[in-house]
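The values are calculated or read from the model by the stated rules, or taken from the named source; none is laboratory data. Since the structure is predicted, the reported quantities are computational estimates derived from the model, not experimental observations. We place every Cβ from the backbone using ideal geometry, glycine too, and count neighbours over all the protein chains shown.
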Amino acid sequence: MLLRPLLPRHNLPPGRQAAHLERVLAVGRAFLTVTGLMAIYLDPTEPARLREVTYGVLSGYAVYSVVVLAFIHGMPRVTNGHAQVLHGLDILWTSALTVVSEGPISPFFLFFLFVVLAAAYRWGFRETVGTAVVTVAVFLFETAVTAVGPWSTSWLATTDFELNRTILRVAYLLLTGVLLGYLAEQEKQSRAEVAALADAARQPHVHLGLGGSVTAVARTLLSTFNAAAAALVVRECETRRTLLWQFERHAGGHDGPRARRVELGPAQQATWLFDDPGRVWSAIHAADGEGRRVARVTEPSVWPLKRESVELPAELVDARAFRTVTAVNLGLAGEWQARAYLFDVADSRGLERRLHFLEAFAEHVTPALTNVFLLRRLRSRASAAERARVARELHDGAIQALFGIELKIEAMRRESRRTAEDRADLAGIQDLLRREVLSLRELMQALRPIEIESGEHLPDVLAGLVERFRRDTGISARFMASGGRISLPPAKALELVRIVQEALANVRKHSQARNVLVRLTADDDTCRLVVEDDGRGFDFEGRLSARELDERRVGPAIIKERARIAGAELAVDSAPGAGTRLEVALYGGLHA
């Protein structure tokens, strides 16, 4: 059945919920037995056959019901075993009551319906139909005893047996069991869906961040729909960054699904965010014609699914082997867009209900994820504003004060009464102050937010950065740009700016270089950034990639991290005493 992974958790809820369920049934059982006893007592045609035994059995059942009611109200926890014992005793009491009264035409046949109803209330379809079959078997056994036993002419002689009435009662009992079981199963599925939606809406949380929230939602989808694998791709409109999370269920199913995250370029975005036929759809892997597949798609406010043709990108089909794929679109227009894929959902029955539930899932999760996006952006902007404030305070406060001190020291050096030793000491202090001023200016530049709306602005930003470095340090620095139009996403362009900032800071602090060249080149599918100096170089000789730098534990750590964030390839050429050449290359995925 649909949502089978959720149902066991809600069929017999643990703790107080199960106790409440049994209390409701205990009240119903006590009411039925006590009122039944009162009814036959007030009835002028009270049982004429086995009167004392009938009263005794019904009175015993009434006392049992009251005792169970008191017992259940005093129990802090009710288990599935308790429910099964009570259910079995109800069947035995009902069977005994019908046997000692009027057999298969007993007015206490109603108690059989209570047993079937209790099974539906406790469990679901299979248990209810099973209970109906058991009660029918008991009923037919009583009928056989009444109709063909040797006692049919003695103490059961007053029983008016009719075959047609017996067949009708059996049919009614079976139909009632099937109907109640179906209604109970549907009600419990609806309850499970509501619980799953509430649980899913709680998964995204600001303290988890975007990655943690997306992971929580994807894992909820995996467990709810019992899929073999899932993928969730998210595109943020402001930064135009697109991230893909992929989840594979473990073979044993005991541990959480394995997660893998990658950043997608524009070409890969077209693979995962292609034009699809609707908000929620499902398709099988078998192609119809030239790669096209028939998809079942939901329509707003319409229960039946419509059939649409969908062409899955070859890269998506080749990404993993699957038999069926189900997708749901999420997002807020102008803010973010996402699509979740579920591969090989275990139960393909109830496709309409599954897709409509997935649509409701998206409606509940989207606001929660939107809050994560907006609060994340708000925090980022607040952080940027705070960094800008600190940068202004450094410029207007500490840097100006240090600059004033440096001017005073310069004036002191020029005084004629100073000795050569005093002048040397003051020159050293002055040089130290200048270096600290430069360090603070570099820190100020790093703190100050950089606005890059598109990659086209990157050459201008880098040119200004290099020129400022030349003025502040006195080191000969040049910037060159060549090639075609640069269409990097703003996030990647910003990482390149930060890499240049860090590289120039390292040149000033460590290289003792006199010349620096920053070169930016671009063509259709490659953007290459090179920073060269003629300083003393690193402690190694030759060209090392980012992986080799990590293995040797050498190289600029911050630059290596920013290159990883940008998805770029990093290489460093160095020779002791002969300078350094740092190269960052972005291949493919340059157009926003």
> Can you name the residue in the range 487-512 that is assigned to a loop (DSSP other than H, G, I, E, B) and crowded, with 21+ Cβ neighbours inside 10 Å and is also nearest to the chain's Cα centre (by Cα) among such residues?
Replying inline: PRO489
>> Checking GLU335 against (1) among the charged types (D, E, K, R); (2) out of contact with any Gly (no Cβ under 7 Å at 6 or more places or on another chain); (3) farther than 20 Å from HIS364 by Cα: exactly one of these is not met. Which one?
In response: (3)
> Pairs under 6 Å by beta carbon, first residue part of a helix (DSSP H, G or I) in the range 27-40, partner of a type in the set (A, V, I, L, M, F, W, C), six or more apart or different chains?
Replying inline: ALA30/VAL66; ALA30/LEU69; LEU32/PHE114; THR33/ALA62; VAL34/ALA62; LEU37/LEU58; LEU37/ALA62
>> When you scan the range 582-591, do you find a residue that is within 25 Å of ARG471 (Cβ to Cβ), in the same structural domain as LEU462 (by TED's automatic domain parsing), in contact with a strand residue (DSSP E or B) (Cβ under 9 Å, 6 or more places away or on another chain) and modelled with pLDDT of 90 or more, even just one?
In response: yes
> Can you name every residue in the range 447-467 that is crowded, with 16+ Cβ neighbours inside 10 Å and modelled with pLDDT of 85 or more?
Replying inline: LEU458, PRO459, VAL461, LEU462, ALA463, LEU465, VAL466
> Which one of these is in the same structural domain as LYS492 (by TED's automatic domain parsing), farther than 28 Å from LEU264 by Cβ and in contact (Cβ under 8 Å) with a residue 24 or more places away in the chain: ARG536, ARG552?
Replying inline: ARG536
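Residues are listed down the side, and each one gets a yes or a no for (1) within 21 Å of ARG260 (Cα to Cα); (2) crowded, with 19+ Cβ neighbours inside 10 Å:
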position: LEU305; (1), (2): no, yes
position: GLU308; (1), (2): no, no
position: ALA321; (1), (2): yes, no
position: GLY334; (1), (2): no, no
position: GLN337; (1), (2): yes, no
position: ALA340; (1), (2): yes, yes
position: ARG354; (1), (2): no, yes
>> For a quick check of your reading of the model, give me the residue pairs whose first member lies in the range 485-505 and is under 16 Å from ARG240 (Cα atoms), whose second is of a type in the set (Phe, Trp, Tyr) and in a helix (DSSP H, G or I), with beta-carbon atoms closer than 7 Å and at least 6 apart or on different chains.
In response: none
>> The conditions are (1) of a type outside the set (Val, Ile, Thr); (2) without any contact (Cβ under 8 Å) to a residue 60 or more places away in the chain; (3) in the same structural domain as ARG354 (by TED's automatic domain parsing); (4) buried (at least 16 other Cβ atoms within 10 Å of the Cβ), and GLY212 fails exactly one of them. Which is it?
In response: (4)
>> Out of ALA346, ALA338, ALA333, ALA314, I need the residue that is closer than 21 Å to LEU273 by Cβ and either in contact (Cβ under 8 Å) with a residue 40 or more places away in the chain or in contact with a strand residue (DSSP E or B) (Cβ under 8 Å, 6 or more places away or on another chain) (or both). Which one?
In response: ALA338
>> Give me the residue from the range 92-150 that is under 16 Å from LEU173 (Cβ atoms) and among the polar types (S, T, N, Q) and, out of that set, modelled with the lowest pLDDT.
In response: SER106
>> Between ARG562, ARG519, which is of a type in the set (D, E, K, R), outside any loop (DSSP other than H, G, I, E, B) and closer than 30 Å to GLU236 by Cβ?
In response: ARG562
>> Within the range 160-205, take every residue that is more than 22 Å from PHE225 (Cα to Cα), among the polar types (S, T, N, Q) and surrounded by 18 or more Cβ atoms within 10 Å (Cβ to Cβ) and give me the one that is modelled with the lowest pLDDT.
In response: THR166
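Do we have VAL466 as touching a residue at least 40 places away in the same chain (Cβ under 8 Å), assigned to a helix (DSSP H, G or I) and β-branched (Val, Ile, Thr) here?
Against the criterion (touching a residue at least 40 places away in the same chain (Cβ under 8 Å), assigned to a helix (DSSP H, G or I) and β-branched (Val, Ile, Thr)), VAL466 qualifies.
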